[in-house]
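Enquirer: Quick one: structure below, then a few questions.
Since every read-out is calculated from the coordinates, none of them should be taken as a lab result. Keep in mind the model is a prediction, meaning the values are calculated, not measured. Every residue, glycine among them, receives a Cβ derived from its backbone with ideal geometry; neighbour counts consider all protein chains shown.
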Amino acid sequence: MAEAREPVTTLDTPIRLEYLFSAGIAQSKNLRGLAEGRFVGQRCPVCSKVYVPSRGSCPVDGVPTDEEVALGNTGTVTTFCVVNVPFAGQSIEIPYIVAQVLLDGADISFMGLIQEIPADQVRMGLRVEAVWVEPDQLGPSMASVKHFRPTGEPDAEYASYKDYT
Ligand SMILES: [Zn+2]
């Protein structure tokens with residue numbers, strides 16, 4: 001008589017996919033900036049909007065965004081989500097906050113991890129600053145930014161970021 005066995009419910013299948021990504025001229029400027037611990041954007045010569053990271057052209061005007069713009073280290077949370085779902089490989093204790101951060105002087109937000117504040121205190125308009133990894137760990141990727149943390153400034157007025165939510 002065959003012994004009773006449990007049904008198979010999960011299966012480990014180690015899969016690896018290697019690929020090369022060509023960043024291009026515009027994104028390379030941004031990535032080199034990240035490797036130096038700073039944000040680099042590009043301005044559209046027609047509408048003056050500053051994109052970070054820039055794809056090399058303005059999506060509205062279709063012209064190259066050649067002008068490089070050094071952006072500061074601070075920004076505003078325009079919207080956010082609370083991550084409450086555990087998943088394999090998770091390295092951050094839940095709940096945690098992933099937010100759209102609009103850097104001062106930029107016209108597009110990007111995703112950033114918010115730390116050093118209880119999750120239930122994060123809000124739209126929260127003023128934050130980037131916390132960078134140690135200088136010897138900086139590299140050409142967003143992994144150079146450990147997270148964003150509150151600056152302690154008063155919240156930004158809704159009108160200042162309402163077009164970016
Ligand atoms: Zn434009």
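Enquirer: How do 165, 78, 65 line up, fewest other C-beta atoms within 10 Å first? Provide the component values of the computation, followed by the final result.
Expert: Working: 165 12, 78 21, 65 24.
So the ranking, lowest neighbour count to highest, is 165, 78, 65.
Enquirer: Quick one: check the C-alpha center-to-center distance for region 92-118 versus region 1-55, whole angstrom.
Expert: 17 Å
Enquirer: So, one more: Net charge within 11 Å of residue 155 by Cβ-Cβ distance, Lys/Arg positive one each and Asp/Glu negative one each, not counting residue 155 itself? Intermediate values should be presented prior to the final figure.
Expert: Numbers: positive: 123, 127; negative: 153, 157.
Once all neighbours under 11 Å are counted, the net charge is 0.
Enquirer: Rank the residues 21, 80 as a footprinting-exposure proxy: fewest other Cβ atoms within 10 Å of their Cβ go first.
Expert: Taking fewest neighbouring Cβ atoms as first place, the list is 21, 80.
Enquirer: Could you tally the net charge around residue 54, taking each other residue with its Cβ under 14 Å from the Cβ of residue 54, Lys/Arg +1 and Asp/Glu -1? Could you put the intermediate results ahead of the total?
Expert: On the way: positive: 29, 32, 43, 49, 55; negative: 61, 66, 67, 68, 107.
With Lys, Arg at +1 and Asp, Glu at -1, the net is 0.
Enquirer: To the nearest 20 debye, what charge dipole does region 93-149 have about its Cα centre, counting +1 at the Cβ of each Lys and Arg and -1 at the Cβ of each Asp and Glu? Before the final figure, lay out each step's value.
Expert: Details: 4 positive and 8 negative charges, 29 e Å.
Its charge dipole is roughly 140 debye.
Enquirer: Give the Rg/Rh ratio for the chain, taking Rg as the radius of gyration of the Cα atoms and Rh as the Kirkwood radius, to two decimals.
Expert: That ratio is 1.11, to two decimals.
Enquirer: How high is the FRET efficiency from residue 70 to residue 11, r the C-beta distance, R0 41 Å, rounded to 0.05?
Expert: According to the calculation, E is roughly 0.25.
Enquirer: Can you find, among 72, 39, 122, the residue farthest towards the positive end of the dipole of region 24-164? Put +1 on the C-beta of Lys and Arg, -1 on that of Asp and Glu.
Expert: So the residue furthest toward the plus end is 39.
Enquirer: Counting Lys and Arg as +1 and Asp and Glu as -1, what is the net charge of the other residues whose Cβ lies under 13 Å from the Cβ of residue 76?
Expert: -4
Enquirer: Taking the Cα centre of the chain as origin and charging only Cβ (+1 Lys, Arg; -1 Asp, Glu), how large is the dipole, in debye to the nearest 20? List each step's numbers first, then the result.
Expert: Details: 13 positive and 21 negative charges, 56 e Å.
Dipole about the Cα centre, nearest 20: 260 debye.
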